[in-house]
1. Could you give the nm distance between label points at Y154 and E268, where each point is 7 Å from its Cα heading toward the beta carbon?
2. In sequence order, what are the phi-derived ³J(HN,Hα) couplings for the range 107-124 according to the Karplus relation 6.51 cos²θ - 1.76 cosθ + 1.60 with θ = phi - 60°, rounded to whole Hz, with x for glycine and proline?
3. Treat each spin label as a single point 7 Å out from the Cα along the C-beta direction, and report the K176 to Q194 distance in nm.
4. Which far-off residues, 5 or more places away or on another chain, put their amide H under 5 Å from the one on F299, with H placed in the peptide plane?
5. Could I get the Rg over Rh figure for the range 81-220? Both from C-alpha atoms, Rh via Kirkwood, rounded to two places.
6. Sequence-distant or interchain residues sharing an amide H contact under 5 Å with S146, placed H: which?
7. Once phi is turned into ³J(HN,Hα) by the Karplus curve 6.51 cos²θ - 1.76 cosθ + 1.60 with θ = phi - 60°, what whole-Hz value does each residue of the range 191-200 show in order, with x for glycine and proline?
8. Once R0 is set to 30 Å, what does the formula 1/(1 + (r/R0)^6) return for the Cβ-Cβ distance between E231 and K304, expressed as a FRET efficiency to the nearest 0.05?
Amino acid sequence: MAEERQSRTLLWIVIGGGAFFLFVLAVFTLVYLSLRSEGRREAFGGFGDKIGVVDLEGVIIEPKTVVSDLKKFARDDSIKAIILHVNTPGGGVAASEEIYQEVKRIRDKKKKPVVASIETVGASGGYYISSATSKIFANRGSIVGSIGVIAEWYNYGDLIHWAKLKDVVLKTGEFKDTGNPARDLTPAEREYLQRLLDNMYAQFIRAVAEGRKLKEEDVRSLADGKVWTGEQAKQLKLIDEFGDFQAAVEETAKSVGIQGEPTLVHPEKQRRTLLDLLFGDVSEYLPDRAKLMQSNVGFYYLWK
């Protein structure tokens with residue numbers, strides 16, 4: 001009798017556990033499908049002529065996502081123009097340069113208008129990229145500009161000395177460990193890094209002068225790292241029009257002959273769910289040994 005009661009208990013535990021597992025799986029599946037369908041609506045909703053919208057937001061670390069989105073919209077004939085929705089203080093020099101070049105390629109080779117709409121901040125690398133667009137909109141109170149380059153890193157040499165540790169470096173040339181955070185720069189190293197900064201600075205000035213159709217000497221006179229309000233920036237010819245994102249949409253639609261309310265198309269964003277964590281690629285969430293080891297000098301088109 002006891003054995004029969006125990007068998008029934010185990011059976012109910014198995015049934016209950018299986019039912020709970022199926023319930024949880026059903027909930028996760030519904031959430032997953034809902035998020036996917038939302039992404040499809042966002043990416044492909046509407047028919048006829050459209051305007052693509054690419055967000056350039058936060059510090060620019062890697063260009064891959066933005067460049068990929070720009071290329072997709074450039075290839076799509078139903079996308080008549082692209083609006084770059086800018087809200088960034090800038091970021092890495094090379095990353096900003098890659099996005100800048102793609103915008104320029106679409107504008108000049110594809111002959112498809114790319115318009116920048118600066119929200120709160122379009123500074124340094126954000127402005128560098130915006131300068132390649134066909135037209136720049138900004139609010140009167142937007143922060144615009146900061147034409148310049150910065151390099152910085154932490155020097156923990158005093159901490160190493162306090163902890164009675166030693167930094168051991170073997171190298172094959174005088175400048176191989178320039179920027180070593182365990183020691184101060186030598187005068188020769190400081191001069192070497194400054195030459196790199198000056199070259200990047202000159203590239204920034206040329207890019208803005210070309211994009212804004214200004215003389216390089218006029219841009220250089222503004223290129224001291226300062227930012228301006230949108231109102232000031234218009235007087236300096238750094239932007240074209242005052243207006244929020246909606247104004248940029250309406251004006252862009254008119255310029256490409258779209259009648260009425262235009263259909264806005266956003267790239268489908270990669271969405272992370274619990275199913276992704278359980279069954280998908282979780283490498284993004286794990287420490288990257290290369291990043292943990294990285295302590296080299298960084299060069300940035302960044303407003304701080």
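Every read-out reported here was derived from the displayed coordinates using simple, explicitly stated rules and does not represent laboratory data. Not measured: the values here are computed from a predicted model. Every residue, glycine as well, gets a Cβ built from its backbone with ideal geometry; the counts of neighbours run over all protein chains shown.
1. Here the modelled spin labels are 4.1 nm apart.
2. Going residue by residue, I get 5, 8, 8, 7, 6, 10, x, 10, 10, 9, 10, 7, 7, 8, 9, x, 10, 6 Hz, with x marking Gly and Pro.
3. 2.7 nm
4. V93
5. On the way: Rg = 19.5 Å, Rh = 17.4 Å.
Checking Rg against Rh, the ratio lands at 1.12.
6. Under 5 Å from the amide H of S146 lie the amide H atoms of S124, K226, V227, W228, each far enough along the sequence or on another chain.
7. Ordered by residue, 3J(HN,Hα) equals 5, 4, 5, 5, 5, 4, 4, 4, 5, 5 Hz.
8. On the way: r = 23 Å, r/R0 = 0.76.
Result of the calculation: an efficiency of 0.85.
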